[in-house]
Each structure stands twice: as structure tokens, then as C-alpha cells.
1. Would you work out the relative contact order for chain B, in percent, from Cα pairs under 8 angstrom that are 6 or more residues apart?
2. Can you pull out the trypsin sites (Lys or Arg not before Pro) in region A:1-55 that DSSP calls coil and that have at most 15 other Cβ atoms within 10 Å?
3. Probe radius 1.4 Å, ligands and nucleic acids left out: can you give me the accessible area buried at the A-B interface, summed over both chains, in Å² to the nearest hundred?
4. As an exercise, use a Förster radius of 30 Å and the Cβ-Cβ distance of A:T111 and B:S7 to find the FRET efficiency, rounded to the nearest 0.05.
5. Counting other C-beta atoms within 10 Å, and keeping those with at most 16, which DSSP coil chymotrypsin sites (Phe, Trp or Tyr not before Pro) do you find in region B:54-102?
6. Express the accessible area of the protein assembly as shown per residue in Å², computed with a 1.4 Å probe while the remaining protein chains stay in the model.
7. Whole-Hz ³J(HN,Hα) for each residue in region B:53-58, computed from phi via Karplus 6.51 cos²θ - 1.76 cosθ + 1.60 with θ = phi - 60°, x for glycine and proline: what do you get?
8. Could you give the size of the charge dipole of chain B about its Cα centre, using +1 on the Cβ of each K and R and -1 on the Cβ of each D and E, expressed in debye and rounded to the nearest 20?
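The values are calculated or read from the model by the stated rules, or taken from the named source; none is laboratory data. Values in this document were obtained by computation on a predicted structure and should not be read as measured data. Using ideal geometry, Cβ is built from the backbone for each residue, glycine included, and neighbour counts are taken over all protein chains shown. When the accessible area is computed, the model is the full protein with side chains, heavy atoms only, and any ligands, DNA or RNA have been set aside. Shrake-Rupley method; radii C 1.70, N 1.55, O 1.52, S 1.80 Å.
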Amino acid sequence: EAGVVQSPRYKIIEKKQPVAFWCNPISGHNTLYWYLQNLGQGPELLIRYENEEAVDDSQLPKDRFSAERLKGVDSTLKIQPAELGDSAVYLCASSLNQNTEAFFGQGTRLTVV
Amino acid sequence: TQLLEQSPQFLSIQEGENLTVYCNSSSVFSSLQWYRQEPGEGPVLLVTVVTGGEVKKLKRLTFQFGDARKDSSLHITAAQPGDTGLYLCAGEADSWGKLQFGAGTQVVVTP
């Protein structure tokens, strides 16, 4: 069975440009997470979905970041406009529910120049 | 300020040696998890501990949860190059509302 699939794996953009990341969770997983991981740091939660509802987006910088999970399956995370400080790895994870093991994708490494 | 402190930040050892990494917090964990992350991959869950004083073993890895549920350790016996990776602890505490990760310990095992 396929794990969590993220695309693209790598993205290089100029500052002030928009960028979008896509995540396909494991089939049947109701909970989906987006994390940000800076170099030398652990992942930090940006947003958590239960089905199509965002139940925890307190750490999402809403002035430039947005996310959606249409039909409670795939999800996209968007940054517009990107800043130099947004360079990081963006990880998606999914789990059956919030109390079960989360499985992570390989992440998207974003470089803003 | 990190809610979870991991030490050391970096550890380089020879194959066959033992190592221990630590995870500490001033908060009481309701549960604590250990992950391993390899370059270019997402973290993979190794173990979850929930009971103070709990010890879990996974082949050559031994995980210990402190009696007060504020700290944990991961001990690797006879390390192998395949143990190389970033070891992350992550915990939930009542006052945090969500799973928080430490900064990780980078372990390098050379042949």
C-alpha cells in the first residue's frame, strides 16, 4: 500500500512568488497534518484536518499561508507571497484519527531565493 | 525556547559502540514518542510510551520513560551504520494541546 505521497519533492522559487504543495494521504486516513521543518529542528505543526475540517490552524501564518482539504482526502498548502524565511521542508502526515500513529510523507524541500 | 530539550545535539560513534540520547521537559507528558528520520525522508515512529517508569525494547533499542513522565531516554546497543539518522522525541502535555517535537539528536555511526 502506498504511503503518504507529496509533490513536488523540491521547489526553488524567487521571493514574492506563490508556491503550492500537494499531499495525498494514506487511503482511509481521516486526520491530515501539515508540518514545517527548519534545518536542525523538529517538525512544527502548521495545520491539522479532521476529514475536510481544519481543527487546529493556530500556527498557520494566515496572512500568506492557506490550506485546503477538498472532499476530506487530498490537501494543498499554499504560500503567497513566499519570503526568504519560508525556506524549509514541508511535511505532510496522515493518521486514521488523531489518537493513532501518524505516517509522514517524504516532504517538499522549498528554497526561496 | 524548546518545550522539549534533546541532548546531545550530535553524536558520532564507531560501529559496535553503545549510545544514549535524552529528551527532557519541565512539563509532564501524557505520552511520548520517539521517531527516526533519515535524510530526505519523513520521521518514522519507533515507539510510544505512556506510563511512568515504562521500558520498551525494539531489537537493540531500549526506550525508557521517567517515573515523573518528564523525561525519556533512548539507548542503542552495538550501534550499526543503519542506525544513522536524526532521532526525534515528541510529546503531548495537557497544557500544550498538541504534539510537540524536540530539535532532535543527529546520530552518525561509522563502520
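1. 37 percent
2. Values: sites: A:R9, A:K11, A:K15, A:K16, A:R48; in loops: A:R9, A:K15, A:K16.
Sites meeting the loop and neighbour criteria: A:R9, A:K15, A:K16.
3. Values: alone 6430 and 5920 Å², together 11200 Å².
Answer for the A-B pair: about 1200 Å² buried.
4. Working: r = 30 Å, r/R0 = 0.99.
After rounding to 0.05, the efficiency reads 0.50.
5. B:W96
6. Per-residue accessible area for the protein assembly as shown comes out at 50 Å².
7. Computed from phi, the couplings for region B:53-58 are x, 5, 10, 10, 10, 9 Hz.
8. The calculated dipole for chain B is roughly 180 debye.
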